[in-house]
Amino acid sequence: EEAQRALNEAKEKAAEAENSYISAVDGAEAALTRLKDAEAAAGITGAELYEQVQNGTLDYADMTDAQKECYKAYLNNEKKQKELVESTAALNEARKAEVIASYENQLALAKESGSYDEFKNSVVEAFEKGELSADEARDLIAKSMSEMSDSAQQTFMEDIPLSLKEGLNPHQYESSGTKIKKWFGNLWEGIKDVF
């Protein structure tokens, strides 16, 4: 339920990000059109006007009405293009979060059924298609392995591509039993040292 709730939230955020992105595309397109029209009317580019203002050779008060319109259109276009870049990045991030949440949900279902092979295969396939990075795929595989016994982990690892295997951190997928054994082992070593 928790994984499904997280997936639903990720889907909502991705939909919001897509709406923001569409608005940003429209805004950037309109701003660029306005700038081109203003530049044609002023006979100078907005970038040139901006440079003159920045280096102190032209004051806004001394501009003609057409130049003022062009200058304002240039500043507005810069703002809208920046918003488009930001909304594109936000959309990509939201889509990636949705993909990860989807796999987290699949992992929760695999835990419930105790069958991890299908999950592993879908993660490996997504990695090979470029839908998941190596780190993302490793993290998901490690999370699934943390529920298994040591012998089950060895079998599970057999057909994982070498490029994913090599980067796996063994501490990340230690089973609870292994962690408890290590804890007791360290505790016993400490007791022996005291004696």
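Put simply, the amide H of Thr45, placed in the peptide plane, has no neighbours under 5 Å, leaving out anything fewer than 5 places away on its chain.
Could you rank Asp65, Asp159 by how accessible they are, 1.4 Å probe, largest area first? Each step should come with its number before you reach the end.
Numbers: Asp65 125, Asp159 100 Å².
Per-residue accessible area, sorted high to low, gives Asp65, Asp159.
Largest first, the residues Lys129, Lys143 sort by 1.4 Å accessible area into Lys129, Lys143. Using every pair of separate Cα atoms, the Kirkwood estimate puts the hydrodynamic radius of the range 91-148 at 11.4 angstrom. In sequence order, the range 48-54 has phi-based couplings of 5, 4, 4, 5, 5, 5, 5 Hz under the Karplus curve 6.51 cos²θ - 1.76 cosθ + 1.60, θ = phi - 60°, and Gly or Pro positions carry x. Residue-wise HN-Hα couplings along the range 9-22, as the Karplus relation 6.51 cos²θ - 1.76 cosθ + 1.60 with θ = phi - 60° gives them from phi, are 5, 5, 5, 5, 5, 5, 5, 5, 5, 5, 5, 5, 5, 4 Hz; Gly and Pro carry x. Percent of C-alpha pairs per 5 Å bin in the range 1-159, short distances first: 1, 9, 13, 12, 11, 8, 7, 6, 6, 6, 6, 5, 4, 3, 1, 0, 0.
From largest accessible area down, sort Ile22, Ile100; use a 1.4 Å probe on the protein chains. If you can, show how the numbers build up before the last one.
Details: Ile22 85, Ile100 40 Å².
Correct descending sequence by accessible area is Ile22, Ile100.
Just need the relative contact order of the range 1-160 here, percent rounded to a whole number, with Cα pairs under 8 Å and 6+ apart.
Working: 109 pairs, mean separation 43.6, N = 160.
So the answer I get is 27 percent.
The accessible area of Met63, taken with all protein chains in place and a 1.4 Å probe, comes to roughly 10 Å².
From largest to smallest, the equivalent ellipsoid semi-axes obtained for the range 49-119 from the alpha-carbon gyration tensor read 56, 9, 6 Å. A 1.4 Å probe run over the protein chains yields, for the range 38-140, 58 Å² of accessible area per residue, whole-number rounding.
The values are calculated or read from the model by the stated rules, or taken from the named source; none is laboratory data. Computed from a predicted model, the values in this text were never measured in an experiment. Heads up: the accessible areas ignore ligands, DNA and RNA and are worked out on the full protein's heavy atoms, side chains in. Shrake-Rupley method; radii C 1.70, N 1.55, O 1.52, S 1.80 Å.
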